[in-house]
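Taking it in order: structure first as C-alpha cells, then the write-up.
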Protein chains: 2
Amino acid sequence: MAAVTQNIEDQIAQAIETMTRTERQLASYILRHYPVALLGSVTQLAKAAEVSSPTVVRLAQKMGFGGYPGLQQAVREELEARLVSPLAKHDRWAEAAPDTHMLNRFADAVLGNLQATLAQIDHAQFDATAELLADPERRIFATGGRITLPIADYFTTHMKVIRPGVELLEPVSNAWPPAMLEMRAGDVLLVFDIRRYENNVLQLVEMAADQGAEVILITDPWVSPAARHARYRFSAQIEVPSAWDSTVALQVLVETLMAAVQSLTWEETASRMKRLEGLYERARFFQRGK
Amino acid sequence: MAAVTQNIEDQIAQAIETMTRTERQLASYILRHYPVALLGSVTQLAKAAEVSSPTVVRLAQKMGFGGYPGLQQAVREELEARLVSPLAKHDRWAEAAPDTHMLNRFADAVLGNLQATLAQIDHAQFDATAELLADPERRIFATGGRITLPIADYFTTHMKVIRPGVELLEPVSNAWPPAMLEMRAGDVLLVFDIRRYENNVLQLVEMAADQGAEVILITDPWVSPAARHARYRFSAQIEVPSAWDSTVALQVLVETLMAAVQSLTWEETASRMKRLEGLYERARFFQRGK
DNA sequence: AAAACTCTGAAAATATCTTGACACAAACCA
DNA sequence: TGGTTTGTGTCAAGATATTTTCAGAGTTTT
C-alpha cells in the first residue's frame, strides 16, 4: 500500500470504491479535470459535474478534509509543489513510472496513432460515408477478419439501435450465400481489414462489389487489397510496441462514424432508443433505472 | 477588447511600469509566487503581499479583468491549458475543419478519455494483473455485457495465441453451467462491465467468485456493482459527444494488458505463434507471405 | 507653505459561497 | 408488499469574500 500522504488525485481515485453513485459522478469529473476543477467554487464544480453543491461538500468532508475550503487548500499546496519545479511535467502518467513501463510506451504509441489517423482523414469523405450509412434505403452489412470481426460486431450491435437493416456478416465461407442473396445494389458493406489480409474477406468483398454494393473499407496504412472495390477508404495507424497490431484507431473511427450517423438520423434513432428502453425495462435487464 | 490575450504573468510584468508603489509591491509578490498566489482569496493574497485587500481588487480591475474573480478565472484557464498535456488539445487535425465537426469533437473527447484513464492506473495493480493473466496454472475466462462482449471476444482471440486455456463466456444464462463447471479456484475471470450494468453479468461474476475465481474488472468511473467481487479493478473513461459511451479506453487497456502478458510469457508465446503461422501457411489463409 | 491631488487602508456594504436542516425518492430488506 | 435505510437535492441561514466608500497620509504644484 502507498504511503499515508499520497496525492489527492490518488486519494480520490481510491476512495471511489466507497462512494455512492452521485459521488462517483463527481469524483470522476474531478479526476478528469484535475486539478483545475477544484480551484473554483463549490457551486461551479457542482454545476460542471452535474451534481448538487451539498454533494460536493459532503465528498470533501468524507475524504477527511475539513470541508470544501480544506480540500481546496490541500490542492493548492500540492499544486504549488508541482508548479515550483521548473519544467511542468507534461506527461502526467509518466511521472509515476519509468518510461520503459509498458503502460507508458503503449500509451505514447496509441496517442500517436490516433493523432496520425485523425489527421489524415478527409472530412468530405467522412461526411459522405456517414450519409451513406444513414440512408434508410440502403441496408448495411459489416464484416472483418479474424482480428477485426469483433469491431464489426460492435458496429452492428450499435447500428441496429440506430437504424433498421443492419447485419453482421461472418466471413466464414459457407455462411455467405444466404447473406449474399439478401444484398441488393446500393446496399453498403463496411469492411475492416488490416494486415495479414485474409482471403475470406477479400472474396466476400469481391462478391458484394459484384452485386453492386457500396464498399467502405477501414484498413491500415498499407491498404488491404480489398481497396480496389471500395468506394471510400480510411487508413488507421495500428503499430504499437507489441507482437500484434492495435485496433484502437479503428475503433475510434467506427465510434466517430456512428456518432455522425446518429446525429444525421437523430429523429428516427431517438424513437428507436426509446422503444428499446421500454423493452429492457420490462425485462428487468439492467441493474436499476436511471 | 484585448484580443491579443497574452499570458497573465507577462501582462502583469508589463503593467508594472504604470503602477503605484503599493501596487508594485503586490505585483512583485504575485510574480514571485505565480500562479499559486492568485488561487487563494483576496484577503490571503493581501496579507501575504502585505498590502490591503482593496489594493488587490483595484489591481485586478485596472488590469482589465472584471474584478478579482475575473482575474482568478483567467488564471485558472491558463493553468488548465498548461496542466493538460498538449496531446489532449487538438492541434493538427483541428485546422482542417471547424471545431464543431464531429470528427474534432470526438477526437478531443477520446484523447481526453485516454489521458484520464491512463493517468489513473495504479502501476502495481496493472503489473499484478498482467502476472495473473500470464500464470500458466490458471485458466482465463473473459466476459462482458451487450456492448462490451466484442471486447472480451477480441481479448480471447488474441490471448488464445498467447497462451492456452483461454475461453470467452457469453453471458447468456443457459450457456453458463457447462462453462462454470470448468472453472476452478484460482482461475481468472476478466469482466468488462460499463454502465447499464447488466444483471446477467453480475450474476456470472458472483457465481465465478463463489467458485474461487480471481475476478478482474474493467469498468467505467461509476464502477460496476461487480466490483464487490473483484480482486483488481480498472476504470476507463467512456464519455463522448454521442448517445453512446465509448469503449476506446477499454480497448486500450486490454491491448496494453495483453502486451504486458505477452512480454511476460514471451518464450512460450513465440513458439505458439510460430506453430500457428505454420498452420495458416498450409491453409493458405492469408493473401501472400510477408 | 497652502492647496490640490493621489494613494492607501479601515470599515462598512454587498455579493457570493459554504454548509446544515429537511424532505423526498430510490434502494434494500424482511 | 410495506417498512426501513440510504442517498440526493432544495432551500435558507450563517460564514466569507469582494468591493465600495471615505478619510487621512503623503506628495506634488503653485
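Taken together, the values in this text are just the output of simple stated rules run on the coordinates, not laboratory data. Predicted, not measured: the structure shown is a model, and the values here were computed from it. No Cβ is skipped: glycine too gets one built from the backbone with ideal geometry, and neighbour counts run over all protein chains shown.
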Check your understanding: Within segment A:112-166, which chymotrypsin sites (Phe, Trp or Tyr not before Pro) sit in a loop by DSSP and count at most 13 neighbouring Cβ atoms inside 10 Å?
Key -> none
Review point. Per residue of chain A, what 222 nm ellipticity follows from adding -39500 (n - 2.57) for every DSSP H run with n ≥ 4, rounded to the nearest 500?
Key: -17000 deg cm²/dmol
**Study point:** Total lysine pairs whose alpha carbons fall under 17 Å of each other in the protein assembly as shown (8 or more apart, or interchain)
**Key:** 5
Point to revise | Residues of segment B:216-245 with amide N under 14 Å of a point placed 7 Å along Cα→Cβ from A:Met273 | key: B:239-245
**Study point:** Estimated distance in nm for a label pair at A:Gln203 and A:Glu239, the labels positioned 7 Å out from Cα along Cα-to-Cβ
**Key:** 3.2 nm
Check your understanding: Taking the Cα centre of the protein assembly as shown as origin and charging only Cβ (+1 Lys, Arg; -1 Asp, Glu), how large is the dipole, in debye to the nearest 20?
Key -> 740 debye
Exercise for review: For segment B:125-184, state which GluC sites (Glu not before Pro) are in a DSSP loop and have at most 14 other beta carbons lying within 10 Å of their beta carbon.
Suggested key: B:Glu137
Study note, to complete from the structure: Relative contact order in percent for segment B:8-83 (Cα pairs under 8 Å, 6+ apart) equals 27 percent
Review point. Of all DSSP beta bridges in the protein assembly as shown, what percent run antiparallel (nearest 5)?
Key: 5 percent
Revision key, fill the gap. GNM on chain B, Cα springs under 10 Å; top mean-square fluctuation among B:Arg21, B:Arg228, B:Arg195 goes to B:Arg21
Check your understanding: Got the B:Gly66 label distances to the other copies yet, label 7 Å along Cα→Cβ, in nm, shortest first?
Key -> 2.9
Review point. With the dipole of the protein assembly as shown worked out from charges on the C-beta (+1 for Lys and Arg, -1 for Asp and Glu) around the Cα centre, which of A:Gly212, A:Ile147, B:Gly66 lies farthest toward the positive end?
Key: B:Gly66
Revision key, fill the gap. Log entry: pair-distance distribution for chain A, C-alpha pairs binned every 10 Å from zero, whole % per bin is 6, 21, 22, 22, 18, 9, 2, 0
Review point. GNM on chain A, C-alpha springs below 10 Å: top fluctuator among A:Gly70, A:Gly144, A:Gly212?
Key: A:Gly70
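Given Cα pairs under 8 Å that are at least 6 residues apart, what percent is the relative contact order of chain B?
It rounds to 14 percent for chain B.
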Revision key, fill the gap. Note: probe point = Cα of B:Tyr280 + 7 Å toward Cβ; backbone nitrogen < 15 Å; residues of segment A:164-196 passing the test are A:193-196
Check your understanding: Which of the helices in chain B, when you take each full DSSP H run, stretch at least 15 Å along the axis at their Cα atoms and have an average Kyte-Doolittle score of 0.0 or higher?
Key -> B:102-120, B:123-134, B:149-162, B:199-210, B:248-264
Check your understanding: Which of these, A:Val191, A:Val36, A:Val215, has the largest mean-square fluctuation under a Gaussian network model of chain A (Cα springs below 10 Å)?
Key -> A:Val36
Point to revise | Two-site FRET efficiency, B:Arg21 against B:Gln73, from Cβ-Cβ distance with R₀ of 30 Å, rounded to 0.05 | key: 0.60
